[in-house]
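The values are calculated or read from the model by the stated rules, or taken from the named source; none is laboratory data. Computed from a prediction, not measured in an experiment: that's the story for all the values here. Quick reminder, even Gly has a Cβ in these numbers, built from the backbone with ideal geometry, and neighbours come from all protein chains shown.
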Amino acid sequence: MQSKATPAGRVMIRGARLSFPALFRPEAFNAGDEPKFKATLLIPKGDPQAKDIERAILAVLKDKHPTKAEQILKSIRSNPNKFCVADGDTKSYDGYEGMLAISAKSKNRPTVVDQLRNPLAEDDGKPYAGCYVNASLDFFSYDSSGIGVSASLRGVQFVRDGESFGGGGSANADEFDEVATEDDTPDFL
């Protein structure tokens, strides 16, 4: 897997596992929060893309804080309220062990396409939590209520199926018992 950083904080993450997607309808994280489109992208900690992400984050910090960027990065790295990349081992979700979890959000609906770059809609059933995607992100630094780094979700491309996270899928018709119709209903019911 190889990624490339173009404008300062832009990174294309390839082959990431998708978690907690809200790609077609914005969702609020907490009551009173502004609803946003979002996704968490999981890549192995040793993936070469992790270095591209680190370079992009450092670049956006250097743009705003040229002399203190590395010091700031060290101070915010373990604060989930100030930093959008987390150690998956600190989370208790399936599939996060040994991963980096990159959280990205956007006020604008991201582009969502299939392998051939055809637009996808919510009714298509993909992408879904657990599948593999490519994702375009813009990392940016902010100074409101303290210095932090976030990622803006620009677009997601469905790459391939993966074991679905949560949800468990639909029931099979064979799981249900046959139910008597009105004509077959016993008098005691």
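Worth a mention:
- Where R117 falls short, out of the listed (1) assigned to a loop (DSSP other than H, G, I, E, B); (2) at pLDDT below 95: (2)
- Of the residues making up segment 9-47, just one is in a loop (DSSP other than H, G, I, E, B) and at positive phi, namely G32.
- Residue in segment 24-33 that is in contact (Cβ under 8 Å) with a residue 60 or more places away in the chain and over 21 Å from G155 (Cα atoms) present: no
- One residue from N134, N81 being under 16 Å from L18 (Cβ atoms) and not in a helix (DSSP H, G or I): N134
- Criterion (more than 16 Å from the chain's Cα centre (by Cα) and more than 22 Å from E163 (Cα to Cα)) met by exactly one of P110, P66, P35, P26: P66
- Failed item in (1) of a type outside the set (V, I, T); (2) in contact with a Lys or Arg (Cβ under 8 Å, 6 or more places away or on another chain); (3) assigned to a loop (DSSP other than H, G, I, E, B); (4) surrounded by 13 or more Cβ atoms within 10 Å (Cβ to Cβ), with S141 passing the rest: (3)
- Some residue of segment 88-98 being part of a strand (DSSP E or B), touching a Phe, Trp or Tyr at 6+ places or on another chain (Cβ under 8 Å) and free of Cβ contacts under 8 Å to residues at least 60 places away in the same chain: no
- The one condition in (1) free of Cβ contacts under 8 Å to residues at least 24 places away in the same chain; (2) within 19 Å of the chain's Cα centre (by Cα) that L41 fails to fulfil: (1)
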